[in-house]
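Take a look at the structure set out below.
None of the figures in this text is laboratory data; all of them are computed from the coordinates on show. Note that the structure is a prediction, hence the values are computed from the model and not measured. For neighbour counting, all protein chains shown are included, and Cβ atoms are generated from backbone atoms with ideal geometry for every residue, glycine included.
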Amino acid sequence: MSSTDLGMPAVAPRGVGHLRGEQSFPAAARIALADSQLRRNLGHATRTIRTKRASVVAELDDWEQLRLAGEALKTATMARLDEHLERLEEAVQARGGVVHWARDANEANAIVTRLVAATGESEVVKVKSMATQEIGLNEALEAVGITAHETDLAELIVQLGGDMPSHILVPAIHRNRAEIRDIFLREMPGVDPQLTTEPRRLAMAARAHLRERFLRAKVAISGANFGVADTGTLLVAESEGNGRMCLTLPDTLITVMGIEKVVPTWQDLEVFLQLLPRSSTGERMNPYNSAWTGVTPGDGPQTFHLVLLDNGRTAALADEMGRTALHCIRCSACLNVCPVYERAGGHAYGSVYPGPIGAVLSPQLTGVEDNASLPYASSLCGACFDACPVRIDIPSLLVRLRARHVDEQRSAHRVPSAEALSMAAAAWVMASPTRFAAAEKASRAARLLGRSAGRISALPPPLSAWTASRDAPRPPAETFREWWSRNRGTS
Ligand code: SF4
């Protein structure tokens, strides 16, 4: 029985958008781990951002109080999300904007393509937006003959390279300068053939390429970092100024915003605009914070549409603990400290939301069965919780999602899994001191397998499932019970 049969909120639909990968995390991670260039690029980039973040966070004596305030504001907002969204809708409309509600990716894509088509334009410029990546908007536009030009530098690199983003904030984190130059030389019309890997030269090439598009675009599409319910104001925080060009030059602006991005008042931004830049780019303040409210005659876009996107968010909201994943302000600090992300990279997660937050958010938006391997893509070391500016307890969410997955498997399959059988056998052995002592003695035979390396990298079936992704320690020559008996004279 599906959730919709019970009248419960629906998860994000299959076959549209980028929340589900084609492979499980272990299969995709194995491919990524074999790419040493990718691991070098990721290691260098995440180390650099981590160091910057640590130094600006250390400047604030009240950082922990700010985190607590961020957490409390998000908890209170989620508890009355419906009211805040209705207030936001009212305020946007009162200031000349039009609000659309999209139940899922299909509805959101249909609304945006219809709105662009109505302008008669066949191309749009885009501000970096996770929500539009999530719903696969570029593909939906392309299907009706509308070209979307990404204008954020990293998104542009990803788009020109025919690639997928691999980081929330730095989508091209997996590319180094030489690779970027090669993409520009190959894909950017009219680029200087002598282009070097110097960052300034690469940025100048991108700027020249984009400027022409900014000047001719009549329609822009953006996401939003925050939507203020009190006044109907939307806000985008960015570093390059491309967002501001998109938000001010075209005649029509269409913003796609996840419903969890609403904040009740401007005062709330006082907290979030301190937490976000320090946690994301390691800056005290974003170089560009652009805020707009409806339409202003003679200034900026004269037509403004806000598309409020659900796509599985109310399903996540229905779970009192799971809803905390919706508190995320997409700073990506948890990615940069995660030992699993640093080695496997973003593509291994299959979803546009990679890293620790992706491992808890994607399965909740799609239903756990469609992203069943993601809650296991973690060592549960807790670094993500320590780094999160709104204190999302990602490790506890991961454990809860693992439990949900195991429960679903148990009720879906009458025949117990190999893992369930192993656990039942282990419980039977451990319930009896005699059986446990016998098992300890028997395990000594495995010492032969790990003689040279001191660890066992391949056990025979069914234990091979364990050593397929990790080594097993070589059993010690003496068990603890034998040691105890030898030293304390009793067992
Ligand atoms: S979960 Fe926390 S640390 Fe990770 S991206 Fe979201 S807000 Fe940032």
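Under Stokes-Einstein, with the Kirkwood radius over Cα pairs as Rh, the value for region 283-373 at 20 °C and 1.002 mPa s is 135 µm²/s. Spin-label model, residue 62/residue 478: points 7 Å from Cα along the beta carbon direction are separated by 5.9 nm.
Exposure proxy for 239, 378: other Cβ atoms within 10 Å of each Cβ, ordered fewest to most, give 239, 378.
In the chain, the longest principal axis of the Cα atoms and the axis of helix 177-187 are about 50 degrees apart. Rounded to the nearest 20 debye, the dipole magnitude of the chain is 2320 debye, with +1 charges on Lys and Arg beta carbons, -1 on Asp and Glu beta carbons, and the Cα centre as origin. Principal-axis analysis of the Cα atoms of the chain puts helix 81-94 at an angle of about 10° to the longest axis.
The ellipsoid that matches the Cα gyration tensor of the chain has semi-axes, each √(5λ) in whole angstrom, of 46, 26, 22, with the longest given first. Can you bin region 242-318 into rounded, prolate or oblate? Criterion: square roots of the alpha carbon gyration tensor eigenvalues sorted a ≥ b ≥ c, rounded for a/c under 1.5, prolate for a/b above b/c, oblate for the rest. Judged from the Cα gyration tensor, region 242-318 comes out oblate (a/c at least 1.5, b/c at or above a/b).
Kirkwood radius and radius of gyration were both taken over the C-alpha atoms of region 432-488, and their ratio Rg/Rh is 1.04. With Rh defined as the Kirkwood radius, the inverse of the mean 1/r over Cα pairs, the Rg/Rh of region 31-77 is 1.25. Each of 452, 463, 480 was placed along the dipole of region 432-488 (beta-carbon charges, centred on the mean Cα), and the one lying farthest toward the positive end is 480. A straight chain from residue 55 to residue 418 at 0.36 nm per residue would run longer than the Cα-Cα distance by 125.9 nm.
Short-range pairs are left out: with C-alpha atoms under 8 Å and at least six residues apart, the relative contact order of region 1-414 is 27 percent.
Using the Cα gyration tensor of region 71-191, with a ≥ b ≥ c the square roots of its eigenvalues, what is the shape: rounded (a/c below 1.5), prolate (a/b larger than b/c) or oblate (neither)? It is oblate, given that a/c is not under 1.5 and a/b is not larger than b/c. Expressed to the nearest 5 percent, the antiparallel share of DSSP beta bridges inside the chain is 35 percent. Which of the listed residues, 23, 255, 365, is farthest toward the dipole's positive end in region 1-414, when Lys, Arg count +1 and Asp, Glu count -1 at the beta-carbon? Looking along the dipole axis, the top candidate is 23.
Peptides 187-194, 294-301 ranked from most to least packed, by the mean per-residue count of other Cβ atoms within 10 Å: 294-301, 187-194. When the P(r) is computed for region 349-413, the part past 15 Å accounts for 47% of the Cα-Cα pairs.
Counting lysine pairs in the chain that sit 8 or more residues apart in sequence, or on different chains, and whose Cα atoms lie under 25 Å apart gives 7. In the chain, the calculated helix contribution to ellipticity at 222 nm averages -14500 deg cm²/dmol per residue, counting -39,500 (n - 2.57) for every DSSP H run with n ≥ 4.
Charged side chains reduced to their Cβ positions (Lys and Arg at +1, Asp and Glu at -1) give region 432-488 a dipole of some 120 debye around its Cα centre.
Would you work out which of 154, 277, 346 lies farthest towards the positive end of the dipole of the chain, given +1 charges on the beta-carbon of Lys and Arg and -1 on that of Asp and Glu, about the Cα centre? Positive-most Cα among the choices belongs to 346.
Pairs of C-alpha atoms in region 1-98 farther apart than 21 Å represent 72 percent of all such pairs. So how far, in whole Å, is the C-alpha centre of region 370-435 from the one of region 155-199? Computed from Cα coordinates, the inter-centre distance equals 39 Å.
A straight line joining the Cα centroids of region 18-65 and region 293-331 runs 25 Å. Under Stokes-Einstein, with the Kirkwood radius over Cα pairs as Rh, the value for region 124-164 at 37 °C and 0.692 mPa s is 318 µm²/s. Basic side chains Lys and Arg get +1 at the Cβ, acidic Asp and Glu get -1 at the Cβ, and with that the dipole of region 356-491 about its Cα centre reaches some 700 debye.
Using a cutoff of 8 angstrom between alpha carbon atoms and counting only pairs six or more residues apart, the relative contact order for region 432-488 works out to 32 percent.
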